[in-house]
Structures are given as structure tokens and as C-alpha cells.
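*Asks:* Pasting a structure here, questions to come.
The values are calculated or read from the model by the stated rules, or taken from the named source; none is laboratory data. The model shown is predicted, which means the values in this text are computed figures rather than measured ones. Virtual Cβ from ideal backbone geometry, glycine too; neighbours counted across all protein chains shown.
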């Protein structure tokens with residue numbers, strides 16, 4: 001361009017172009033690197049502009065005196081250089097400003113992304129911790145009373161005591177090893193639930209009977225580990241402490257569309273209990289867990305018809 | 001001979017107390033009871049000197065059962081885990097056994113009871129314990145009363161208002177009124193303060209039952225309830241009532 005438009009010699013044109021553009025490129029890189037470490041706060045873009053003007057000025061000075069020194073014997077080139085300086089400055093300013101602006105935006109965006117990622121990580125950690133805590137909420141009542149039953153059996157029925165220790169150990173191991181996000185099959189969950197129910201039956205003797213209805217098609221359906229135990233614990237607690245009679249806890253599992261539906265039923269006394277308030281820790285922790293895992297609040301429902309309280313959970317299947 | 005009862009809803013828990021008792025020939029076990037109702041009946045029938053009492057039991061818990069007895073015998077509590085109850089025990093000198101407990105610990109509790117028996121009547125000792133226990137859940141959600149020979153459990157939401165009546169408190173509900181051998185300040189302490197307000201020296205009202213409040217005589221007011229009941233409101237009571245109602 002310089003060669004054609006301004007009829008400059010090849011040597012001059014090439015040197016001028018290489019030096020000018022090379023330096024400009026270096027300047028831009030300098031600005032960008034600088035911005036990586038210094039990020040102007042919002043509304044402080046005037047700092048950016050000042051920096052660009054300063055850098056462009058510096059660049060112009062280097063070009064002016066550098067090229068002027070190299071080609072000082074050529075009059076016409078010197079004139080050309082002198083005259084083109086304002087244009088060169090403007091272009092340099094424009095380009096460095098653009099570079100500054102783009103890199104500022106880029107770095108800002110990067111930072112924002114990083115912040116978001118950090119926030120996500122923190123949320124995930126908090127969620128995991130909460131899920132862990134919800135899962136660990138084993139009622140101490142259950143544990144100590146079971147140990148007391150074992151202590152009683154140890155004297156007269158050591159075989160039974162040993163069996164109960166076995167069941168309690170298997171149950172406790174189950175509560176420890178399962179991961180929150182890990183899904184297990186309904187069949188597995190039911191085995192685990194049976195351990196719990198067997199222990200409770202030893203504790204309460206003839207007062208507690210259970211009825212489990214399940215079909216082969218639900219066996220392989222998936223659900224989060226340890227989800228049902230708090231519901232059953234709740235049912236037993238409300239059922240047994242609300243009456244002096246023997247009670248039956250029933251657990252029904254079935255498939256409905258793409259959901260595993262599990263209903264837990266216990267009797268209650270309409271006279272003295274307020275089932276609406278009966279959403280004790282057991283229910284609210286399961287509700288919270290389902291929300292954390294599926295982001296939905298409609299997966300746990302309760303109903304009270306006559307003197308039967310029913311808790312139903314729906315587990316979406318993949 | 002010391003007459004004793006075991007009141008616990010878990011058969012194995014009763015079994016171990018019975019087993020530990022075999023060593024103590026001076027104690028005669030009269031009956032094992034499944035729950036508080038059976039316990040009450042047996043206490044009336046046998047007038048025992050000592051009961052081993054679980055707290056968490058069907059229908060009425062151990063504390064509520066004790067409240068219904070005019071002269072409670074010596075009590076050794078046997079319980080698994082109950083933060084509130086343990087607090088109640090620790091602040092008062094009545095022994096308690098945390099399940100599972102050993103024969104040695106059991107013997108110590110019996111020994112302690114025998115010593116206390118020689119010093120003072122036990123019914124006096126259990127009073128502050130009951131008072132402390134009654135401040136804890138679920139006692140603040142329901143009131144257990146004796147209605148003739150029957151036991152009535154009143155959820156607090158069903159209570160219209162309470163009125164002082166000599167040494168008793170009269171509890172008004174939709175099913176009529178019941179007497180309970182407690183003080184007004186006991187109920188003022190234990191009932192939910194967002195639901196019940198002591199409007200007068202002799203009145204505590206369930207604020208959800210109020211339909212309107214009218215001026216009455218010179219400084220006072222009177223609250224008219226949905227049921228048609230009328231509850232006196234003193235000058236200070238009116239201030240408290242306005243605060244809770246947010247007016």
C-alpha cells in the first residue's frame with residue numbers, strides 16, 4: 001500500500017510496515033497482558049482510555065524517532081513520516097483501545113465464569129453435606145432401645161440376642177455405606193427395610209405386624225438408598241404411640257407410568273392426633289432429600305382417611 | 001416388703017428389670033404394665049411403693065401418667081434417650097436409668113430409693129421433676145385429664161380457655177370443661193405463648209377462639225369467644241393480648 005499509494009521505495013515501505021505493525025502488535029499484547037492482572041472496576045474505564053492514549057503516544061514516539069533515525073538521509077520519507085504521524089497515532093489508539101476493551105470483556109467474563117463455577121461447587125458441597133446429614137439422622141431412641149432388648153435377651157435367650165446383634169449390625173452397616181446419589185433397586189431397599197422391621201418386631205413383640213405388597217415388576221425399579229426407613233420409622237412411631245392396641249403397618253409398592261410408587265400406612269387416633277401436624281422430622285427430612293435429588297416438592301404426599309394415615313412417595317425412573 | 005410395678009411398653013425392657021429385681025428380695029413385683037392406662041389402674045389397685053417407669057409409651061407418656069396420680073409413689077425412670085427428659089432429671093434428685101443399664105447401676109438406683117424413703121416422702125421429691133418435665137414436648141401440645149375414671153387427652157388447639165378454680169384449673173373445650181390439679185402459672189408457662197395469653201389473673205385464653213373484644217366496666221375489657229364464652233381481660237392482659245394479636 002505504502003509502496004503504491006505513496007510511491008515509496010520497497011525498502012522503506014517494508015521496513016515501515018514491519019516496524020509499525022510489529023510494534024503495534026507488541027503494544028497490544030502488552031496491554032492485554034497488563035489487563036489480565038489489572039482489571040478496571042466498573043465505571044473506571046477512563047483509566048483504560050488514559051492507558052491506551054499513553055501507550056499509543058509512546059508507540060508513536062518510538063515509530064517517529066526510530067524510523068526517523070533509521071531513514072534520516074531520505075527527505076521525502078521524513079516528510080511522509082511527519083505528516084502521517086497523527087493518522088498513525090489515531091489508528092494506534094483505536095487498535096489498542098479495541099484490544100483493551102476486548103480483553104477487559106474477556107477477562108471479566110472469565111472471572112464471572114470462575115465465580116459461577118465456585119458458587120456451583122460450594123452449592124454442591126453444601127447439598128452433599130446436607131444429604132449426608134439427612135441420611136445419618138438415625139433416631140437414637142431406636143438404637144438404645146434395640147441395645148436394651150439385646151441386653152434383655154442375652155440372659156435368657158442368647159441365640160436370639162446374637163441374631164438381633166447380627167440384624168442390627170447389618171442395618172447399621174447399610175446406613176453407613178450407601179452413597180446419596182447412588183440409586184438402589186427396590187428389592188435391595190426392601191431387604192434393608194425388612195432388617196429394620198425385624199428389629200422393631202422384637203422390640204414391640206406382638207403389638208407390631210407388617211404387611212408388604214410388592215410385585216416382580218417393581219423389583220428392579222430404582223430409588224435413592226435409605227429413603228424409606230424414616231417413613232416407616234415415622235409410621236411405627238405414630239402408629240404404636242397413638243394406641244395401646246396391636247397395629248399393622250403396610251407397605252405397598254407399584255409402578256405407575258414412569259414412577260415407582262410406595263405407600264406406607266399406619267393407623268392413628270383421630271381424636272387425639274393431628275395428622276397435619278404429624279409431619280415430624282421423618283417426613284420433612286425425606287421431603288427435603290427428594291427436593292435436593294430431584295428438584296421437586298410434589299414427590300411426597302400424605303393423606304388421612306378415617307383412622308389410616310398414608311404417606312406416598314413417587315420416584316421418577318430414568 | 002416394698003411393693004413395686006414395672007410400666008414399660010416393650011416386653012424385653014420389662015423382662016430385664018424383672019431379671020435385675022430377682023436379686024432384691026425385699027422388693028415384691030406385683031404387676032407388669034404395658035402402658036400408662038394399665039399403670040394407672042394398677043397403681044390405684046395396689047398403691048405400690050415404687051414404680052419403674054418408661055417415658056415414651058403409647059397414648060400417654062410416663063410424665064403424663066404421673067400427673068394423674070394424687071400421691072405418686074417413688075419413681076425410677078427407665079428410658080433410652082430423651083434430651084428434655086434427661087435435663088428434667090438432672091436438675092432434680094430423682095434417679096433414672098438410661099437403657100441399656102447394668103445390674104450394678106440398677107442396684108445403685110434401688111439403694112438410692114431405699115435411702116430417700118427413710119428421709120422424706122417421695123411424692124414431695126417428684127413434684128419439681130414433674131414441673132420441669134411438663135415444660136417439655138409433647139406436654140405443651142396436649143393436656144391429659146382425668147374425667148371420672150376415664151382419661152381424656154385434649155389437644156391444645158381444642159382448648160377454648162382456662163379458668164382458675166380454687167386449687168384447680170378448669171379447662172373449657174367443645175366437649176365441656178375438665179378440672180386439672182395444676183396452677184394457672186403452670187399453664188401460662190407451658191402453653192404456647194403465641195396461642196395462649198393470660199388475659200387476667202384467673203384466665204388464659206386461646207386467641208384463635210376470640211371473635212371480638214369489648215370494653216367492660218371502667219378499665220377492663222371482655223373477650224367474646226366463638227363458642228359464646230366470655231373471658232375477663234384486665235388492663236395488663238389487654239396490652240398482652242394486643243401484642244400477640246398484632247393490633
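*Asks:* What pairs come out if I take residues in the stretch A:107-132 that are surrounded by 12 or more Cβ atoms within 10 Å (Cβ to Cβ) and pair them with residues that are in a helix (DSSP H, G or I) whose C-beta lies under 7 Å away, six or more apart or interchain?
*Replies:* Cβ pairs passing all conditions: A:107/A:35; A:107/A:36; A:127/A:292; A:130/A:292; A:131/A:289; A:131/A:292.
*Asks:* Which ranges mark the helices (runs of 4 or more DSSP H) fully within the stretch A:112-216 that have 3 or more residues being away from every other protein chain (no Cβ under 14 Å) and farther than 19 Å from residue B:80 by Cα?
*Replies:* Filter on the stretch A:112-216 gives A:158-177, A:186-204.
*Asks:* Oh, and also: Counting only residues that are surrounded by 16 or more Cβ atoms within 10 Å (Cβ to Cβ) and on the phi > 0 side of the Ramachandran plot, how many does the stretch B:156-171 have?
*Replies:* Final tally of qualifying residues: 0.
*Asks:* I would also like to ask the following. Working carefully through the options A:93, A:67, A:58, find the one that is surrounded by 11 or more Cβ atoms within 10 Å (Cβ to Cβ), over 19 Å from residue A:13 (Cβ atoms), in the same structural domain as residue A:22 (by TED's automatic domain parsing) and in contact (Cβ under 8 Å) with a residue 40 or more places away in the chain. Explain how you work it out, then say what you get.
*Replies:* Values: A:67 fails: over 19 Å from residue A:13 (Cβ atoms); A:58 fails: in contact (Cβ under 8 Å) with a residue 40 or more places away in the chain.
Testing whether each residue is surrounded by 11 or more Cβ atoms within 10 Å (Cβ to Cβ), over 19 Å from residue A:13 (Cβ atoms), in the same structural domain as residue A:22 (by TED's automatic domain parsing) and in contact (Cβ under 8 Å) with a residue 40 or more places away in the chain leaves just A:93.
*Asks:* Of everything in the stretch B:149-165, what is within 11 Å of chain A (Cβ to nearest Cβ), in contact with a helix residue (DSSP H, G or I) (Cβ under 8 Å, 6 or more places away or on another chain) and under 23 Å from residue B:232 (Cα atoms)? Give them in sequence order.
*Replies:* Answer for the stretch B:149-165, where residues must be within 11 Å of chain A (Cβ to nearest Cβ), in contact with a helix residue (DSSP H, G or I) (Cβ under 8 Å, 6 or more places away or on another chain) and under 23 Å from residue B:232 (Cα atoms): just B:157.
*Asks:* Tell me whether the stretch A:222-243 contains one or more residues that are assigned to a loop (DSSP other than H, G, I, E, B) and facing another protein chain (nearest Cβ under 10 Å).
*Replies:* Yes - at least one qualifying residue is present in the stretch A:222-243.
Quick grid of which residues meet (1) within 30 Å of residue B:153 (Cα to Cα); (2) modelled with pLDDT of 85 or more; (3) in the same structural domain as residue A:177 (by TED's automatic domain parsing):
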residue: A:207; (1), (2), (3): yes, yes, yes
residue: A:213; (1), (2), (3): no, yes, yes
residue: A:222; (1), (2), (3): no, yes, yes
residue: A:246; (1), (2), (3): yes, yes, yes
residue: A:261; (1), (2), (3): no, yes, yes
residue: A:281; (1), (2), (3): yes, no, yes
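*Asks:* Could you list, in sequence order, all residues of the stretch A:214-224 that are in contact with a strand residue (DSSP E or B) (Cβ under 8 Å, 6 or more places away or on another chain) and without any contact (Cβ under 8 Å) to a residue 60 or more places away in the chain?
*Replies:* Those that are in contact with a strand residue (DSSP E or B) (Cβ under 8 Å, 6 or more places away or on another chain) and without any contact (Cβ under 8 Å) to a residue 60 or more places away in the chain: A:214, A:215, A:217, A:218, A:219, A:220.
*Asks:* Can you go through A:23, A:49, A:29 and tell me which one is modelled with pLDDT of 80 or more and either under 19 Å from residue A:82 (Cα atoms) or in contact with a strand residue (DSSP E or B) (Cβ under 6 Å, 6 or more places away or on another chain) (or both)?
*Replies:* Step by step, each of A:23, A:49, A:29 is checked, and only A:23 is modelled with pLDDT of 80 or more and either under 19 Å from residue A:82 (Cα atoms) or in contact with a strand residue (DSSP E or B) (Cβ under 6 Å, 6 or more places away or on another chain) (or both).
*Asks:* When you go through B:63, B:89, B:77 one by one, which is the residue that is away from chain A (no Cβ under 13 Å), modelled with pLDDT of 70 or more and assigned to a helix (DSSP H, G or I)?
*Replies:* B:63
*Asks:* To continue, here is another question. Considering (1) surrounded by 13 or more Cβ atoms within 10 Å (Cβ to Cβ); (2) within 14 Å of chain A (Cβ to nearest Cβ), say which one residue B:174 fails and leave the rest.
*Replies:* With respect to (1) surrounded by 13 or more Cβ atoms within 10 Å (Cβ to Cβ); (2) within 14 Å of chain A (Cβ to nearest Cβ), residue B:174 is out only on (1).
*Asks:* Moving on to the next point. Return the only residue of B:43, B:7, B:16 being within 11 Å of chain A (Cβ to nearest Cβ) and at pLDDT 90 or above. Outline the logic, then answer.
*Replies:* Working: B:43 fails: within 11 Å of chain A (Cβ to nearest Cβ); B:7 fails: within 11 Å of chain A (Cβ to nearest Cβ).
Only one candidate qualifies: B:16.
*Asks:* Which one of the conditions (1) at pLDDT 85 or above; (2) touching a strand residue (DSSP E or B) at 6+ places or on another chain (Cβ under 7 Å) does residue A:274 fail to meet, given that it meets all the rest?
*Replies:* Looking at each condition in turn, residue A:274 falls short on (1).
*Asks:* Let me ask another. Look through the stretch B:28-47, keep the residues that are touching a residue at least 40 places away in the same chain (Cβ under 8 Å) and surrounded by fewer than 20 Cβ atoms within 10 Å (Cβ to Cβ), and return whichever of them is farthest from residue B:111 (Cα to Cα).
*Replies:* The qualifying residue farthest from residue B:111 (Cα to Cα) is B:37.
*Asks:* Given (1) touching a residue at least 40 places away in the same chain (Cβ under 8 Å); (2) in a loop (DSSP other than H, G, I, E, B); (3) out of contact with any strand residue (DSSP E or B) (no Cβ under 6 Å at 6 or more places or on another chain), identify the lone condition not met by residue B:227.
*Replies:* If we test residue B:227 against (1) touching a residue at least 40 places away in the same chain (Cβ under 8 Å); (2) in a loop (DSSP other than H, G, I, E, B); (3) out of contact with any strand residue (DSSP E or B) (no Cβ under 6 Å at 6 or more places or on another chain), just (3) comes out false.
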